[in-house]
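Data block below; observations after.
Any read-out appearing in this document is the output of simple, stated calculations on the displayed coordinates, not a laboratory observation. Just so you know, these numbers come straight off a predicted model, no measurement behind them. Glycine gets a Cβ as well: all are built from the backbone with ideal geometry, and neighbour counts include every protein chain shown.
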Amino acid sequence: MSMRLADWVERLRSRTDLAVHGVYTTTTAQSSADRDSAFLAYFADEAQPSTVIGPPRQEHVVAISVLLRVPVRRKADSESVSGLEAVRDQVDAALLGWTPPGATGPVTHRSGKALDRQDEGVEWWRDIYQAPQLRSAS
């Protein structure tokens with residue numbers, strides 16, 4: 001059994017206050033324009049050399065992109081503030097240490113990066129999370 005993106009989506013939906021979607025589309029971004037949102041997609045699949053004689057069995061590290069869209073908030077004194085830290089904390093709490101169905105170990109964080117997008121009043125951030133799984137021919 002291999003990991004499924006749908007399990008990651010369901011995990012975030014059940015454990016965060018975010019509008020969680022699969023792969024980013026303009027329609028899904030517009031439908032959650034006023035909410036903190038997460039868009040998930042496969043990012044990479046990196047195989048380790050097989051050390052087994054016989055049918056190949058390899059450990060793969062599957063990386064998942066979590067693209068966050070966070071509207072900028074306004075404080076009473078009109079200063080713009082970011083809710084990004086709180087959103088990232090929710091995602092970390094939901095994913096770090098969780099072992100998805102089909103994985104052979106827990107989720108870890110790989111990297112994060114601000115994205116240079118031109119949406120007025122919105123912050124975009126991408127975190128990459130990963131988990132190992134075994135793949136085999138049989």
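Worth a mention:
- Most mobile of 13, 35, 73 in a GNM of the chain (Cα contacts under 10 Å): 73
- Against the chain, whose longest principal axis is taken from its Cα atoms, helix 84-95 shows a tilt of about 30°.
- The chain: most fluctuating residue of 90, 58, 48 per GNM, C-alpha cutoff 10 Å: 48
- Gain on full stretching of the segment that runs from residue 59 to residue 17 - 0.36 nm per residue minus C-alpha separation: 11.8 nm
- Summing charges over all other residues whose Cβ lies under 15 Å from the Cβ of residue 116, with Lys and Arg as +1 and Asp and Glu as -1, gives +1.
- Rh by Kirkwood over Cα pairs, then Stokes-Einstein D for the chain at 1.002 mPa s and 20 °C, µm²/s: 132 µm²/s
- Taking 0.36 nm per residue of separation and subtracting the current Cα-Cα distance, fully stretching the chain between residue 119 and residue 89 would add 8.5 nm.
- Angle between the chain longest axis and helix 5-15 axis [Cα atoms, degrees, rounded to 10]: 50 degrees
- Placing pseudo-labels 7 Å out from each Cα toward the beta carbon at residue 134 and residue 47 gives an inter-label distance of 1.7 nm.
- Charge-dipole axis of the chain as Lys and Arg at +1 and Asp and Glu at -1 on Cβ define it, positive-most pick from 26, 83, 9: 9
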